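Structure provided below as structure tokens; questions to follow.
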Amino acid sequence: MTILAIDTSFDDTSVAVTEKSQILSNVISSQVKDHAEFGGVVPFLAQRLHKERIDAVIEMALKEAGKEWKDMNAIAVTYGPGLAPALEVGIQKAQELGELHGKPVYKVNHMLGHMASCFTEQAPLYPLLSLLVSGGHSELIFARSFGDVTVIGQTLDDALGEAYDKVARMLGLGYPGGKIVADLAAVGNPDAYDLPIPMLRSGDLNLSYSGLKNAVRLLILEQEPLDDAKKADIAASFERVAQASVLKKVEKALEMYPEVQQLALGGGVAANKHLRAILEKACTERGVTLLIPPTMSLCTDNAAMIGVAAWFGIEAGQQPVTEKIDRIPYLTVEDPL
Ligand code: KG4
Ligand code: ZN
């Protein structure tokens, strides 16, 4: 089963060619530089750039895979969740190409794509837990099989990646700030400032980052003017408590679901080395295997994970789209496709 997969869920135009769970090509055309001057993603600029670039990205993905349209068995496309004007470009293109080349089109949930990014080299063992932490979502998922998932915890406000981006902005570090804050945190003192660990006593598996964001804002006001050393200490202190909160929830989830043998970590923040290290330790102590995307580019948005997710979905009985999609629904990871 060879699939051409498209993801235009946010600010990356990505097209991949996958064969079952194997990646033959994964081309990502980033819009980061185009949105940087606005300090965040501008929806209709994202849409215009996706439209301008998608054909060239498709051609590159086929070429890098050494394949032609006749070799494709299906097209997979991210259906949501994501930014509607951006998603629309990929969905329309997938349908247009499906018709043109006579290929079935499969819809893929973006968050299941992030989960599938862990399964390209290691097969999933169900039931499993998945922690998906990106710029738009923070979710803890219990998966009985691919597609049969329950969200057991989620953020009540900002996503973890969004919290990193906001701290970066408050520290004047640019956008997107996750990696910049993480790099700075690596050279700072995580115990320099006493910030609260969010949701420590909430009694559930949910997360929340708006309170911490506010605490960081007040800390910055209190510490100004900031030199590089202070910025690094603030970044490190933020990272310590933001991740301590996630760790507590993961530990609690592993206790609640002792039958689980794997934890699949996906989403942009899965690129964070410190987060990987603390989760690895927690998993090892409990005899659980931590699955992570094998490369950094598979952590952040990419189409290869969508192709792999489509293949798992098809194996589980998912059917292709039969009617034209002309409306982008609000979608959660639990929505059936
Ligand atoms: O999955 P993704 O590419 O996009 C969404 O679906 O949202 O995730 C992007 C997010 C951004 O918020 C970015 O700041 C964050 O992932 N991120 C990181 C790191 N690399 C990317 N956050 C923390 N540490 C990193 N190394
Ligand atoms: Zn994503």
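Identify, from the list LEU200, LEU226, LEU205, the residue that is under 16 Å from GLU139 (Cα atoms), hydrophobic (A, V, I, L, M, F, W, C) and in a loop (DSSP other than H, G, I, E, B).
Result: LEU205 is the single residue among LEU200, LEU226, LEU205 that is under 16 Å from GLU139 (Cα atoms), hydrophobic (A, V, I, L, M, F, W, C) and in a loop (DSSP other than H, G, I, E, B).
Pairs please, first residue from the range 180-191 and modelled with pLDDT of 95 or more, second anywhere and within 14 Å of ligand 1 (Cβ to nearest atom) and of a type in the set (S, T, N, Q), Cβ atoms under 7 Å, 6+ apart in sequence or on different chains.
ALA182/ASN272
Spot the failing condition for GLU259; the list is (1) surrounded by fewer than 21 Cβ atoms within 10 Å (Cβ to Cβ); (2) more than 16 Å from ligand 2 (Cβ to nearest atom); (3) part of a helix (DSSP H, G or I), and only one is missed.
Exception for GLU259: condition (3).
Of (1) among the hydroxyl-bearing types (Ser, Thr, Tyr); (2) away from ligand 2 (no atom under 16 Å from the Cβ); (3) under 17 Å from the mean Cα position of the chain (by Cα), TYR193 satisfies all except one. Which?
(3)
With the range 79-180 as the region, which helices (runs of 4 or more DSSP H) entirely inside it contain at least 3 residues that are crowded, with 23+ Cβ neighbours inside 10 Å and within 12 Å of ligand 1 (Cβ to nearest atom)?
Hits in the range 79-180: 110-116, 160-170.
Counting just the residues of the range 307-337 that are within 22 Å of ASP11 (Cα to Cα) and in contact with a Phe, Trp or Tyr (Cβ under 9 Å, 6 or more places away or on another chain), which one comes out farthest from ligand 1 (Cβ to nearest atom)?
Within the range 307-337, the match that is farthest from ligand 1 (Cβ to nearest atom) is ILE325.
For the range 181-197, give me the residue count where each residue is part of a helix (DSSP H, G or I) and buried (at least 19 other Cβ atoms within 10 Å of the Cβ).
Residues flagged as part of a helix (DSSP H, G or I) and buried (at least 19 other Cβ atoms within 10 Å of the Cβ) within the range 181-197 amount to 4.
Of the conditions (1) touching a Ser or Thr at 6+ places or on another chain (Cβ under 8 Å); (2) of a type outside the set (Gly, Ala, Ser); (3) assigned to a helix (DSSP H, G or I), GLU334 fails just one. Which one is it?
The failed condition is (3).
From the list LYS33, LYS20, exactly one residue is modelled with pLDDT of 95 or more and out of contact with any Lys or Arg (no Cβ under 6 Å at 6 or more places or on another chain). Which is it?
LYS20
Please go through the range 262-284 and pick out each residue that is surrounded by fewer than 21 Cβ atoms within 10 Å (Cβ to Cβ), out of contact with any Asp or Glu (no Cβ under 9 Å at 6 or more places or on another chain) and either more than 20 Å from ALA186 (Cα to Cα) or not small (Gly, Ala, Ser) (or both).
Scanning the range 262-284 gives LYS273, ARG276, ILE278, GLU280, LYS281, THR284.
How do the pairs read when you match residues in the range 296-309 that are farther than 16 Å from THR18 by Cα with residues anywhere that are in a helix (DSSP H, G or I) and within 11 Å of ligand 2 (Cβ to nearest atom), using Cβ under 7 Å and keeping only pairs 6 or more apart or on different chains?
Cβ pairs passing all conditions: CYS299/GLY268; CYS299/ALA270; THR300/GLY268.
Restricting attention to the range 271-299, which residues are in contact with a Ser or Thr (Cβ under 8 Å, 6 or more places away or on another chain) and within 16 Å of ligand 2 (Cβ to nearest atom)?
Listed by number, the residues that qualify are ALA271, PRO293, LEU298, CYS299.
Yes or no, residue by residue, for (1) touching a strand residue (DSSP E or B) at 6+ places or on another chain (Cβ under 6 Å); (2) at pLDDT below 95; (3) not basic (Lys, Arg):
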residue	(1), (2), (3)
ARG53	yes, no, no
ALA56	no, no, yes
LYS63	no, no, no
LYS67	yes, no, no
VAL77	yes, no, yes
PRO81	no, yes, yes
ALA86	no, no, yes
GLY90	yes, no, yes
TYR106	yes, no, yes
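Say we look at the range 5-19 and pick out the residues that are polar (S, T, N, Q) and outside any strand (DSSP E or B); which of these is nearest to ligand 2 (Cβ to nearest atom)?
Going through the qualifying residues, I end up with SER9.
Here are some conditions: (1) away from ligand 2 (no atom under 16 Å from the Cβ); (2) under 20 Å from the mean Cα position of the chain (by Cα); (3) touching a residue at least 40 places away in the same chain (Cβ under 8 Å); (4) surrounded by fewer than 22 Cβ atoms within 10 Å (Cβ to Cβ). ASP71 meets all but one. Which one does it not meet?
Looking at each condition in turn, ASP71 falls short on (2).
While we're looking at this one, here's another question. Which one of VAL17, VAL57, VAL42, VAL27 is without any contact (Cβ under 8 Å) to a residue 60 or more places away in the chain, in contact with a helix residue (DSSP H, G or I) (Cβ under 7 Å, 6 or more places away or on another chain) and either surrounded by fewer than 20 Cβ atoms within 10 Å (Cβ to Cβ) or of a type outside the set (Phe, Trp, Tyr) (or both)?
It is VAL42.
Determine if the range 36-58 includes at least one residue that is in a helix (DSSP H, G or I), under 19 Å from ARG327 (Cβ atoms), out of contact with any Pro (no Cβ under 8 Å at 6 or more places or on another chain) and within 16 Å of ligand 1 (Cβ to nearest atom).
Yes - at least one qualifying residue is present in the range 36-58.
The values are calculated or read from the model by the stated rules, or taken from the named source; none is laboratory data. Remember, predicted model here, so these are calculated numbers, not experimental data. Note that we place each Cβ from the backbone using ideal geometry, even for glycine, and neighbour counts take in every protein chain shown.
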